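Down below is the structure, laid out as structure tokens.
The values are calculated or read from the model by the stated rules, or taken from the named source; none is laboratory data. Remember, it's a predicted structure, so these values are computed and weren't measured experimentally. For neighbour counting, all protein chains shown are included, and Cβ atoms are generated from backbone atoms with ideal geometry for every residue, glycine included.
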Amino acid sequence: MSIVSSDPALSPLPRTPLRLAGGLPTKTGSKFIPRTSPATTGVRYLSASIQLTDLAPRVREFVEEHVKILRPANVHVCDGSSEENQSMVKLLQDIGRLKKLDKYENCYLAITSPEDVARVEKQTYVCTTKKEDSVPTPAPRVESVLGNWKDPQEMDKEMESKFQGSMEGRTMYVIPFSMGPLGSKLSKIGIQLTDSEYVVASMRIMTRMGRGVLDVLKDGSFVKCVHSVGYPLSEGQKDAEWPCNKKKLAIVQYPERNEIKSFGSGYGGNSLLGKKCFALRIASTIARDEGWLAEHMLILGLTNPQGVKKYIAAAFPSACGKTNMAMLTPTIPGWKAECVGDDIAWMRFNEEGRLMAINPENGFFGVAPGTNTGSNPNAMGTIFRNTIFTNVASTSDGGVFWEGLEKEVPADVSITSWLGTKNWEKLTDHEKKEKPAAHPNSRFCTPTSQCPVVDPDWEDPRGVPIDAILFGGRRPRTIPLVYEANSWNHGVFVGASMRSEATSAASDFKKGGLLHDPFAMRPFFGYNFSHYLQHWLRLQHTPGVQMPKIFHVNWFRKSDGKFIWPGFGDNIRVLDWIFRRCDGEDVAQSSPLGLIPKEGTINTEGLGPIDMASLFQMPKEELREEAAVMEDYFEKQLSGDIPAEVRQELEQFKGRVDAL
Ligand code: GTP
Ligand code: SPV
Ligand code: MN
């Protein structure tokens, strides 16, 4: 497999005449035939049911303005129909970008360029007129690790030069999409322009997309999203297997204008602009202005054996267990867990003062490796229909494989790794470790509605009421299995102090090292983190509101290199304790970090021997170190801008540690 990685944008390109609502490339994107062209046997078209002239003036203006810059060969407005999707998927197969997985129903495999496998953080920008609206001011000579800012006008110039002609030889798709149930007061609409068919097919799974959105939008305002893989095609030029443009990569948010511009990547959060760019970065800024929250959180409904139901939201950094917890299969009899969402929560107080959450997404873009019948049976029950897999391995019987599925593939199949290594199963254990079958950040893109435990109210336009907010991360030492924040202010401090081991979800960091990831939002803040803290602190003063309790969990504590806690379905044992705390049960005692379970109040029945003492050990030296790291981080990153309440919580924490 060869992947063209030279910079095509540098070569001079002929200007291709524009055709509206027209045909699609035949084979490799080299020839274009308009829909109206006569005698074109053997050519397949997307029947464009929406013409540019059908669009509301604002939408049409947005499209036409960008046609001038991007210079696509065709424009297609997506209606979201299944016929359109079938044509899209057929086209993707014809150009070799998707492979059908015959073992399953309507499932496909995409393999990206090895240069385009995860989010990029260093090339992600927030552009506001004033720098301090985007990022906190660090102490002198300290580099900010809380986002990248650039002047919007300067960035506009840069992006315009990248976008000039960047869709030449390609079709520009216009994707109207809604984040949140169509028509809900809590939902927001965006329109994404893209030259990637993979993005179109994925956005159809991840968002509510198509004609219905235009009907709801009418001539209203929307988030303007422009995306190009940055790989124009000149007449006759052969397309890359996975077009992208690493050298010119940029993911840009303009919160003051509700605009997003993304160039050079076709992968996940870089290119499905409804997800991180819109539902987190842009939405968090809108939320700040309107008094609500847009967070990197799963939403889960929990019903106890007595039939009482509560919803919880949980923020864990990327690849740290949100999808797993969102679909948890409880190991304690009588409990029921139901999934509302696995990645993003939009939360707002209603008239009764309850914090109501919606999942703005329509699908899961979940980490594949580690997913199996043991760890996440509900994901396994979701993903083998109508799913696009990306960068997983394939099997000779038309199925998929990744690390964690060893016991679930037939013994006689051969495996082709994501990088194309045939008979991968015959490699030595050392080779398998060096060259995993699936990329560690390989993913499934699958409809939420297919989840066997999807919550009956997951699309309720009013949202679901949140009783508890959890923070968590991968902490091999120091941090106990669970603790409760002493107060809302303390909870905000707990979120602000989060650290977790780096994972493969972003390509910028070496896996394993402990990284600060406040609120699991470090890569996704749409505005200054210091202002974000003030916003969280302020919420409790909204008249008449009932604040959720805040907890911190850690499934990842290790002893002798092994996880101590069994995790996954057994996490219900911790959720059971949290549930009881929400009901005010006297099952907690104080510790320097916060309230921990009184001895024997975590249900460990049937677990076998488990070293609970190690899970709650908090050596004074380690806590001292923890406090010192927090202080250093706040002082260096926020310099003078640490909210007084957070500073006070830090001082109190230090005092509790000293008193040990
Ligand atoms: P993003 O989609 O990147 O935001 O991540 P996510 O938080 O949804 O991550 P996901 O749930 O897919 O986590 C994936 C990784 O966490 C896999 O390697 C899982 O095996 C591991 N994991 C999830 N839950 C547990 C747990 O309870 N214990 C342990 N040890 N590992 C877990
Ligand atoms: C994450 O990295 O947190 C994800 C995957 O959920 S992506 O959509 O690629 O950002
Ligand atoms: Mn995520």
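When Cys277, Cys225 are checked against the criterion of being farther than 19 Å from Glu154 by Cα, among the hydrophobic types (A, V, I, L, M, F, W, C), buried (at least 24 other Cβ atoms within 10 Å of the Cβ) and out of contact with any Pro (no Cβ under 8 Å at 6 or more places or on another chain), a single residue qualifies: Cys277. When region 375-391 is filtered for residues that are more than 11 Å from Cys107 (Cβ to Cβ) and either in the same structural domain as Trp565 (by TED's automatic domain parsing) or aliphatic (A, V, I, L, M) (or both), the ones remaining, listed by number, are Ala379, Met380. Listed by position, the helices (runs of 4 or more DSSP H) inside region 62-164 whose residues that are β-branched (Val, Ile, Thr) and either in the same structural domain as Ala48 (by TED's automatic domain parsing) or surrounded by fewer than 17 Cβ atoms within 10 Å (Cβ to Cβ) (or both) number at least 1 are 82-94.
Of Asp412, Asp397, which residue is in a loop (DSSP other than H, G, I, E, B), touching a Lys or Arg at 6+ places or on another chain (Cβ under 7 Å) and not assigned by TED's automatic domain parsing to the domain that holds Lys322?
On the way: Asp412 fails: touching a Lys or Arg at 6+ places or on another chain (Cβ under 7 Å).
Going through Asp412, Asp397 in turn, the sole match is Asp397.
Only one residue in Arg573, Arg522 is surrounded by 23 or more Cβ atoms within 10 Å (Cβ to Cβ) and either in contact with an Asp or Glu (Cβ under 9 Å, 6 or more places away or on another chain) or not acidic (Asp, Glu) (or both), so which one is that? Before the answer, list the steps.
Working: Arg522 fails: surrounded by 23 or more Cβ atoms within 10 Å (Cβ to Cβ).
None of the other options fit; the residue is Arg573.
For region 76-129, name all the residues that are among the aliphatic types (A, V, I, L, M) and closer than 30 Å to Ala520 by Cβ. Scanning region 76-129 gives Leu109, Ala110, Ile111, Val117, Ala118, Val120, Val126. Name the pairs: first residue in region 602-620 and surrounded by 11 or more Cβ atoms within 10 Å (Cβ to Cβ), second residue of a type in the set (Ser, Thr, Tyr), Cβ to Cβ under 6 Å, at least 6 apart or on different chains? Final answer for the pair search is Ile610/Thr604; Ser614/Ser559. Restricting region 232-253 to residues that are crowded, with 24+ Cβ neighbours inside 10 Å and farther than 13 Å from Val199 by Cβ leaves a set whose member that is nearest to ligand 1 (Cβ to nearest atom) is Ile251.
Kindly provide the set of residues from region 179-207 that are part of a strand (DSSP E or B) and touching a Gly at 6+ places or on another chain (Cβ under 8 Å), ordered by number. Walk me through how you get there before you give the answer.
The initial filter retains those residues of region 179-207 that are part of a strand (DSSP E or B), namely 179, 188-194.
Passing the criteria: Met179, Lys188, Ile189, Gly190, Gln192.
Tell me the strands (runs of 3 or more DSSP E) entirely within region 546-625 that contain at least 3 residues that are among the hydroxyl-bearing types (Ser, Thr, Tyr).
Working: elements: 549-553, 588-590, 595-597.
In region 546-625, no matching strands (runs of 3 or more DSSP E) lie anywhere.
Taken as a whole, the condition of being more than 30 Å from Gly463 (Cβ to Cβ) and surrounded by fewer than 18 Cβ atoms within 10 Å (Cβ to Cβ) does not apply to Thr171.
For the condition at positive phi and not in a helix (DSSP H, G or I), Gly169 qualifies.
Among the residues of region 451-464, those identified as crowded, with 18+ Cβ neighbours inside 10 Å and of a type outside the set (Val, Ile, Thr) are Cys451, Asp455, Trp458, Glu459, Gly463.
The set of residues from region 287-305 being surrounded by fewer than 24 Cβ atoms within 10 Å (Cβ to Cβ) and within 14 Å of the chain's Cα centre (by Cα) is empty.
The requirement of being modelled with pLDDT of 95 or more, within 15 Å of ligand 1 (Cβ to nearest atom) and charged (D, E, K, R) is fulfilled nowhere in region 345-356; no residue meets it.
Those helices (runs of 4 or more DSSP H) of region 209-327 in which at least 3 residues are within 16 Å of ligand 3 (Cβ to nearest atom), considering only elements entirely within it, cover 268-271, 322-326.
The single condition among (1) more than 13 Å from ligand 3 (Cβ to nearest atom); (2) under 17 Å from the mean Cα position of the chain (by Cα) that Pro360 does not satisfy is (1). Can Gly370 be described as in a loop (DSSP other than H, G, I, E, B), free of Cβ contacts under 8 Å to residues at least 60 places away in the same chain and within 15 Å of ligand 2 (Cβ to nearest atom)? In short, yes. Within region 573-594, residues that are touching a residue at least 40 places away in the same chain (Cβ under 8 Å) reach partners that are acidic (Asp, Glu) with beta carbons closer than 7 Å, at six or more positions or on different chains, in the pairs Arg581/Glu484; Cys582/Asp467; Ala588/Glu484; Gly594/Glu484.
Can we say His439 is under 19 Å from the mean Cα position of the chain (by Cα) and at pLDDT 95 or above? If you could, list the steps in order and put the result at the bottom.
Numbers: under 19 Å from the mean Cα position of the chain (by Cα): yes; at pLDDT 95 or above: yes.
Answer is yes for this residue.
Of the residues making up region 496-530, just one is within 18 Å of the chain's Cα centre (by Cα), more than 14 Å from ligand 1 (Cβ to nearest atom) and among the small types (Gly, Ala, Ser), namely Gly526.
Within region 474-493, the set of residues being buried (at least 24 other Cβ atoms within 10 Å of the Cβ) and within 26 Å of His531 (Cβ to Cβ) comprises Gly491, Val492, Phe493. Taking the conditions (1) β-branched (Val, Ile, Thr); (2) crowded, with 17+ Cβ neighbours inside 10 Å; (3) without any contact (Cβ under 8 Å) to a residue 60 or more places away in the chain in turn, Ile388 satisfies each one other than (3).
Every residue, every condition in (1) farther than 16 Å from Gly491 by Cβ; (2) of a type in the set (D, E, K, R); (3) within 16 Å of ligand 3 (Cβ to nearest atom), yes or no:
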position	(1), (2), (3)
Arg522	yes, yes, yes
Tyr527	yes, no, no
Tyr532	no, no, no
Arg538	no, yes, no
Thr542	no, no, no
Pro548	no, no, no
Phe551	no, no, no
Lys558	yes, yes, no
Lys562	yes, yes, no
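On inspection, Val646 fails the criterion of being at pLDDT 95 or above, assigned to a helix (DSSP H, G or I) and either farther than 23 Å from Ala314 by Cβ or out of contact with any helix residue (DSSP H, G or I) (no Cβ under 9 Å at 6 or more places or on another chain) (or both).
Glu351 falls short on exactly one of the conditions (1) away from ligand 2 (no atom under 16 Å from the Cβ); (2) farther than 30 Å from Glu431 by Cβ; (3) touching a residue at least 60 places away in the same chain (Cβ under 8 Å), and that condition is (3).
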